[in-house]
Every structure is written in structure tokens, then in C-alpha cells.
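Engineer: My structure is below; once you've seen it, I'll send some questions.
The values are calculated or read from the model by the stated rules, or taken from the named source; none is laboratory data. All of these numbers come straight from a predicted model, not from anything done at the bench. Virtual Cβ from ideal backbone geometry, glycine too; neighbours counted across all protein chains shown. Note: areas computed on protein heavy atoms with side chains; ligands, DNA, RNA excluded. Shrake-Rupley method; radii C 1.70, N 1.55, O 1.52, S 1.80 Å.
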Amino acid sequence: MCAVRVGGHDRLTARVHIVRSTLRSPTSKRKKLIDMSMTMTQKILAAHAGLDSVQAGQLILADLDLVLGNDITSPVAIKEFAKLNKDSVFDKEKITMVMDHFAPNKDIKAAEQCKMCRDFCGEKEVTHFYDVGEMGIEHALLPEKGLVTAGNVVIGADSHTCTYGALGAFSTGVGSTDMACGMAIGKAWFKVPSAIKFNLTGKLRKYVSGKDVILHIIGKIGVDGALYRSMEFTGEGLSSLSMADRLCIANMAIEAGAKNGIFEVDDITLDYIREHGAAEPTVYKTDPDAQYDEVIDIDLSAIEPTVSFPHLPENAKTFSEFGNIKIDQVVIGSCTNGRLEDLQVAAEIMKGKKCAKNVRVIVIPATQQIYLDAMEQGLLKIFIESGAVVSTPTCGPCLGGYMGILAEGERAVTTTNRNFVGRMGHVKSEVYLASPATAAASALTGRITSPWEVK
């Protein structure tokens, strides 16, 4: 490895390691390795397994840079960890637990789960434990805190751990038992995934965001279209996507069945990593002749505001495909779309207007810092004056936990990431996934509404 500047941009001050595809080895071995060209994900996994190369389908044992759990999944992992007879975690700096799903505690059981996590992290001296007052929704909090950088391998006992691929990391969700083993030994088994390449071109139009992009993609390939594969995003269109867009897209890779989603690292990524104080990035570039199962071209300028209808994210429709659909609730927040940029666009649409009568509108900043920034920018005042409520960070409504449960027959437009049967409440309720702009527009009209209609 050698320290270089990426793309020759003098403005970059951080040293960045570029992993070269030409490996030092005897001539015969070199030819074999050249034939085994790798994607970004495969290079990251090879490096963490201590191997020169890996190929799709190979089983490897890889070192971990971060192990994540929350108040729902960590208690199970803690119980499994106790069976391993380990006095300490493998590295107290590389474990994090975030109390975000049912916190602030909604009932006695939730309180007991959080207490178990609190006690464990105190006993094991885990550095990155985030509780009420410090916490945020985990997949928004960790990038904000600089806990993930390009080239990392991250596992989390939460399916949307794939979010960190936006930073050029390999990150994926695992079960609580795998989390327990990860905390104990700092390693995990993986089957190396093959990949789909998404070549992005063009530029998004106003009020079209990363949420519309990923809903469009899932609608195109289906909820199992990337099953146990890596979704790799590249192309000149990347330059028009903000980090909020990328984090949203990577977050929902799992909704297409993917093992992980990952973005090519560029100046936007490196600026974000540096601004949030993350560790020095290691940038892995896909080999030019890397093998993909398929290549899908996405013209960002052609994407319209998109809504996923019940009860699967793949049921994606644009507004020309459906008519008037009355709603009862709107939720703007979650690990998918609770970032400051999301709140800003929602506030821009809602400013000076009132939410529709009989529509409950819940706004949830994803972290305490986002909450504070939104308050200082006057966004919370806009939401409250429009008739919405603003909550402390929580995952609550997204998984039907609390704060926004739907009754039988009710419909919600939400910026969350899943709309399965009963996801947000009664099994006969309906969840429609949409962007913050679409959710805000719908809050004003009381029906599913395109942001292009109200602005």
C-alpha cells in the first residue's frame, strides 16, 4: 500500500491508502491473481481475511473493525456472550451499543433490556455506549460520530447495518449470536458475495432524492433481486448525490436482498469522513476487469418521486400510476431519512402551511445533533406551527414499537424502510414508503401527493 492523493485533488489533506490491484508475487501466481480481479467488497474482505485475493462463494474468517448492537438485539447477544466464558470483549473501542428502538423506554420490558445493555457495557468498559440524551438512531449516529471509515468491516445485529457502505465500508447485518462471537473474538465468517454494478448517470431533479432512487431500483429488480450479492454504486452520477442520499440508498440495499451496498469513494465521501473525525480511510478501487453478475444503468435525471405500496418495497409506483389515496398519518424520520437534509426539504415544503385535518404528522430527527441543528435553523418551529409533533430520536414508529402505531384500516406515508404486513401496527393497516419531500407534501393534503404538485 502507498499513500497518495485521490484523483490528484490538492485540497485533500487526509492521507488515503489506495489498495493496488497488482500484487507482488511470483509470475505464475501473479497470473492467477490477475484472473481473479475483485470488486470493492471483495478487496475489503480479502484484506481483513489476510488473503491476497478472494472470489465469490468463498468462505472466509475476517477481522472486524466494529460490532454494533441496539436495545432489541444486544440483550440476546449478551446472553450468548456469557456462554463463551470470556472476561472481556476483544476491543472495548470496537464495540458499540445504541439504545434507540424502544428508548426512551416505552415499558418495563424495554427498561430491562436497556439496563442489561447498560450494565454489560459498564462492566466490559465499552467506550461507545449511547443512551438517552446521547443516543440517536444507530445508523445515523455512527457515521456522525466518526465510528466508521472507508475500508472498514462492520457487522451489526440489525439488518440495516448495510448503511455504512455509503462510506466505502463493507457493512452487513448479522444475528445476535454472530454479534456475541464478534464481541468476543473480533472476527466473523462470511461467504464472499458476487456483485451487481449500478452505473449512475445524470443528476436528480428538485425534490427527488436518494429515497426515490432506491425505491426505483428495488421496484426494478425486486426484493430478492440482489439476494446475497453486493450492490456496488459507481458512475459520474455519484457527484450529484449527497451523503444523505448515499446513506439512504445503502441503508435499503437489504430491501433488495443484498448482502451489502457500497459506494465508490470520492471527494464527497472523504470530506464527510474528515469532517466527522473518522479514522484514516483505506480506499479500495474495483479492478477494471472485475466480474459482475450484471450491470444496471440508472439515469438519475429520469427518476420521479416514487412511492412503494403495501406490502413490499418492490411495489414501487410513480404518481402517474395511481390516483387519490387518503392517509391518516405521516412519519418523517428513521435511519433512512431522519438526517438534517431530510428535515430541511420537508420544512421547505411545509413552511407557512398547515397539515391536513385528521392527519397525524410525526417528525423525528435521527440524532441529538440533528435535533439541535434543526432547532437552531428554525425547522422545528416550522413543523410545530404546521401542526406536526417533533420527537426525540427513536426508531419507535418504524417497527411498530411505539409513538405512531397504526389502527386497523389506517394508512401511513412514511420515510422509513419497510412496509411489510403489520410493520407499523395493525395487520390490516397500510404503510406507503416515500421520500421526505413526498411525505411533507402528503401531510399538507391528507392524501399521497407528489412534492411537484405543492411546490
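Engineer: Could you tell me which numbered condition Arg246 fails, if it satisfies all but one of (1) within 17 Å of Met40 (Cβ to Cβ); (2) of a type in the set (Lys, Arg); (3) open to solvent by 20 Å² or more (accessible area, probe 1.4 Å)?
Structural biologist: Status for Arg246: all satisfied but (3).
Engineer: In the stretch 180-189, how many are of a type in the set (A, V, I, L, M, F, W, C) and either under 18 Å from the mean Cα position of the chain (by Cα) or not in a helix (DSSP H, G or I) (or both)?
Structural biologist: Count: 2.
Engineer: Within the stretch 190-206, how many residues are outside any strand (DSSP E or B), open to solvent by 10 Å² or more (accessible area, probe 1.4 Å) and within 17 Å of Ala47 (Cα to Cα)?
Structural biologist: 1
Engineer: When both residues are 6+ apart or on different chains and their Cβ atoms are under 8 Å apart, which pairs have a first residue that lies in the stretch 377-398 and is closer than 30 Å to Gly422 by Cβ, and a second that is assigned to a strand (DSSP E or B) and of a type in the set (Gly, Ala, Ser)?
Structural biologist: Pairs that qualify, where the first residue is closer than 30 Å to Gly422 by Cβ and the partner is assigned to a strand (DSSP E or B) and of a type in the set (Gly, Ala, Ser), are Pro393/Gly136.
Engineer: I've got another one for you. Here is a list of conditions, (1) in a helix (DSSP H, G or I); (2) touching a Leu at 6+ places or on another chain (Cβ under 6 Å), and Lys353 meets all of them except one; can you say which number that is?
Structural biologist: (1)
Engineer: Starting from residues that are open to solvent by 10 Å² or more (accessible area, probe 1.4 Å) and out of contact with any His (no Cβ under 8 Å at 6 or more places or on another chain), keep the ones in the stretch 406-422 and report whichever is farthest from Val390 (Cα to Cα).
Structural biologist: Per the stated criteria, the residue is Gly422.
Engineer: Please count how many residues of the stretch 283-303 are open to solvent by 30 Å² or more (accessible area, probe 1.4 Å) and among the β-branched types (Val, Ile, Thr).
Structural biologist: The total comes to 2.
Engineer: Now, a different point. Say we look at the stretch 445-455 and pick out the residues that are modelled with pLDDT of 95 or more and touching a Ser or Thr at 6+ places or on another chain (Cβ under 9 Å); which of these is surrounded by the fewest Cβ atoms within 10 Å (Cβ to Cβ)?
Structural biologist: Ser450
Engineer: Next question. Quick check on this structure: which one of Phe170, Phe120 is surrounded by fewer than 24 Cβ atoms within 10 Å (Cβ to Cβ) and of a type in the set (Phe, Trp, Tyr)?
Structural biologist: Phe120
Engineer: Let me ask you something else. Which residue is farthest from His216 (Cα to Cα), if the candidates are limited to the stretch 226-236 and must be among the hydrophobic types (A, V, I, L, M, F, W, C) and assigned to a loop (DSSP other than H, G, I, E, B)?
Structural biologist: Applying the filter and picking the extreme gives Leu227.
Here's the yes/no breakdown for (1) β-branched (Val, Ile, Thr); (2) closer than 25 Å to Ala439 by Cβ; (3) touching a His at 6+ places or on another chain (Cβ under 9 Å):
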| position | (1), (2), (3) |
| --- | --- |
| Arg274 | no, no, no |
| Gly277 | no, no, no |
| Thr282 | yes, no, yes |
| Lys285 | no, no, no |
| Tyr292 | no, no, no |
| Ile296 | yes, no, no |
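Engineer: Next question, about the same structure. Test of understanding: among Ser429, Ser442, which residue is without any contact (Cβ under 8 Å) to a residue 24 or more places away in the chain, of a type in the set (Ser, Thr, Tyr) and either within 15 Å of Ile325 (Cα to Cα) or open to solvent by 50 Å² or more (accessible area, probe 1.4 Å) (or both)?
Structural biologist: That would be Ser429, the only listed residue that is without any contact (Cβ under 8 Å) to a residue 24 or more places away in the chain, of a type in the set (Ser, Thr, Tyr) and either within 15 Å of Ile325 (Cα to Cα) or open to solvent by 50 Å² or more (accessible area, probe 1.4 Å) (or both).
Engineer: Would you be able to say whether some residue in the stretch 362-370 is over 24 Å from the mean Cα position of the chain (by Cα) and touching a residue at least 24 places away in the same chain (Cβ under 8 Å)?
Structural biologist: no
Engineer: Select from the stretch 145-158 the residues that are out of contact with any Asp or Glu (no Cβ under 8 Å at 6 or more places or on another chain) and more than 19 Å from Tyr130 (Cα to Cα) and list them in ascending order.
Structural biologist: The answer is Ala150, Gly151.
The rows are residues; the columns are (1) of a type in the set (Phe, Trp, Tyr); (2) touching a helix residue (DSSP H, G or I) at 6+ places or on another chain (Cβ under 7 Å); (3) at pLDDT 95 or above.
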position: Ile249; (1), (2), (3): no, yes, yes
position: Ser308; (1), (2), (3): no, yes, yes
position: Glu321; (1), (2), (3): no, no, no
position: Lys326; (1), (2), (3): no, no, yes
position: Ile332; (1), (2), (3): no, yes, yes
position: Asn337; (1), (2), (3): no, yes, yes
position: Met350; (1), (2), (3): no, yes, yes
position: Asn358; (1), (2), (3): no, no, no
